[in-house]
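K.L.:
There's a structure below that I have some questions on.
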Amino acid sequence: MSKSKVIVYDTNKQDMKSIIEDVFVNFPQDVKGKKVLIKPNMLGPFEVERGVTTNPVLIEALVDYLIDCGANIIVGDNPGGQGGGVIAAAKKSGIYQASKGHFENIGTACQLFPMNSRFVKEINVSDAVLDCDILIDLPRFKTHAYAGISGSIKNMFGIVVGPGKAKLHFATPKPDDFHELLVDLYQVRVPDLVIMDGIYAMEGMGPTTGNLKKIDKVLASTDGVALDATMARMMGFDIELIRHILVANERNLGVYKEEDIELVGDASKIEGFELPISYSAEVKATAPKMAGVLDLYKLSTTVPNFCKPENCVKCGECAKSCPVGAITMDPYPVINRKKCISCYCCAELCLRECFEYIDGTQVFETLFSKLQ
Ligand code: SF4
Ligand code: SF4
């Protein structure tokens, strides 16, 4: 079996234009006259400086290249938090401007797609996803408090239009189920090419409230699973804890073992990279000893905490995003912790960073020692 190639580019050594050209030399795509969907990570109306969304520098270089090649391109995503609409979110993140007239609100035309999934029978998917000849996935190099990483696979959550996302969270309150669902969605339309923006990595409690670390990387592959596994190793994860990578591999969607990946460029582990609390060394060391404890840890202790009323503009976006209706506005958000399923949607979609994550490591250790 041939290996999957993953290339790690250094943006200090090559400009973005030559990186994109090199990507298409290594991973050729017949784009002339074809419908090409460019799917960035456009989680919401976040400014470029927040590092939540795909860097416009990468998008612009790709758009320029594809226009020169005669492709019919659309740039689009279905953001979770829209705070004023999809176009406003695209403008705020710089994605609209970088798309040079090719950005579209892909949520306006969609269809019910039958799913082969344990959790959902059908979902609303953008026509642009189902109709394109070539899909180019542009994820960020970042952590995700709930899924561990937000890479190629997780970025395809955005094929789902609007409120359908909340239903999916509701259907998968356990982390392992959510990981499996991510692969169900990835399978709807596996990307033909993945180009990951790692100019700034996000560490800690991503995908919106983590810290940025400049690493000057762009990763590319036609195998999104291999690319995600490479990113996860660079971050310092134990791959066995990123269940969606394992599930995708079991379904023959890509490879993850080091011996199955042909690595080009510097993919060494980033020293001191901070993992999400829910994937910390303590949990990693303890979880394999007792089945189900990792789930218990995540569900019981890493719950967002509304802590910055001085930042809050009482927009209610967090309450609207909660899939289980656990948040009431009074006049600030109040979380019903019995209802909360720790999906982190509220914290992800709050543009004002009003939530913090409770570090439950000590609580967990006490609990675990009692269970032992
Ligand atoms: S916590 Fe954030 S999302 Fe919720 S009401 Fe306040 S500003 Fe809006
Ligand atoms: S309160 Fe926040 S973390 Fe809890 S279920 Fe609702 S959106 Fe998810």
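The values are calculated or read from the model by the stated rules, or taken from the named source; none is laboratory data. Only a predicted model underlies this, so the values are computations on that prediction, with no experimental measurement involved. All Cβ positions, even for glycine, are placed from backbone atoms using ideal geometry, and neighbour counts span all protein chains on display. For accessibility, only protein heavy atoms count, side chains too; no ligands or nucleic acids. Shrake-Rupley method; radii C 1.70, N 1.55, O 1.52, S 1.80 Å.
K.L.:
Of all strands (runs of 3 or more DSSP E) completely enclosed by the range 90-143, which ones contain at least 1 residues that are among the small types (Gly, Ala, Ser) and on the phi < 0 side of the Ramachandran plot?
P.N.:
Details: elements: 110-114, 122-126, 134-138.
By residue number, 122-126.
K.L.:
Of the residues that sit in the range 1-32 and are charged (D, E, K, R) and in a strand (DSSP E or B), which one is surrounded by the fewest Cβ atoms within 10 Å (Cβ to Cβ)?
P.N.:
ASP10
K.L.:
Still on this structure, please answer the following. Collect the residues in the range 43-82 that are over 20 Å from ILE159 (Cα atoms) and outside any helix (DSSP H, G or I), keeping them in residue-number order.
P.N.:
GLU47, GLY51, CYS69, GLY70, ALA71
K.L.:
Among the numbered criteria (1) modelled with pLDDT of 95 or more; (2) surrounded by 15 or more Cβ atoms within 10 Å (Cβ to Cβ); (3) hydrophobic (A, V, I, L, M, F, W, C), which single criterion is violated by PHE46?
P.N.:
PHE46 satisfies every listed condition except (1).
K.L.:
Follow-up. Which condition breaks for ILE7 when tested against (1) touching a Gly at 6+ places or on another chain (Cβ under 6 Å); (2) closer than 14 Å to PRO191 by Cβ; (3) not polar (S, T, N, Q)?
P.N.:
The number of the failed condition is (2).
K.L.:
Let me ask something else about it. Give me a count of the residues in the range 318-359 that are on the phi > 0 side of the Ramachandran plot and near ligand 1 (Cβ under 10 Å from one of its atoms). Explain how you work it out, then say what you get.
P.N.:
If we filter the range 318-359 for residues that are on the phi > 0 side of the Ramachandran plot, which is where we start, we get 325, 342, 344, 353.
Still in the list and also near ligand 1 (Cβ under 10 Å from one of its atoms): 353.
Of the residues in that region, 1 qualify.
K.L.:
Continuing with the same structure: Here are the criteria: (1) in contact with a helix residue (DSSP H, G or I) (Cβ under 8 Å, 6 or more places away or on another chain); (2) open to solvent by less than 10 Å² (accessible area, probe 1.4 Å); (3) of a type outside the set (Phe, Trp, Tyr). Tell me which single one THR230 does not satisfy.
P.N.:
Just one mismatch for THR230, condition (1).
K.L.:
OK, next. So if I check each of ALA145, ALA171, ALA201, which one is buried (at least 22 other Cβ atoms within 10 Å of the Cβ) and modelled with pLDDT of 90 or more? Give the derivation first.
P.N.:
Values: ALA145 fails: modelled with pLDDT of 90 or more; ALA171 fails: buried (at least 22 other Cβ atoms within 10 Å of the Cβ).
When all the criteria are applied, what remains is ALA201.
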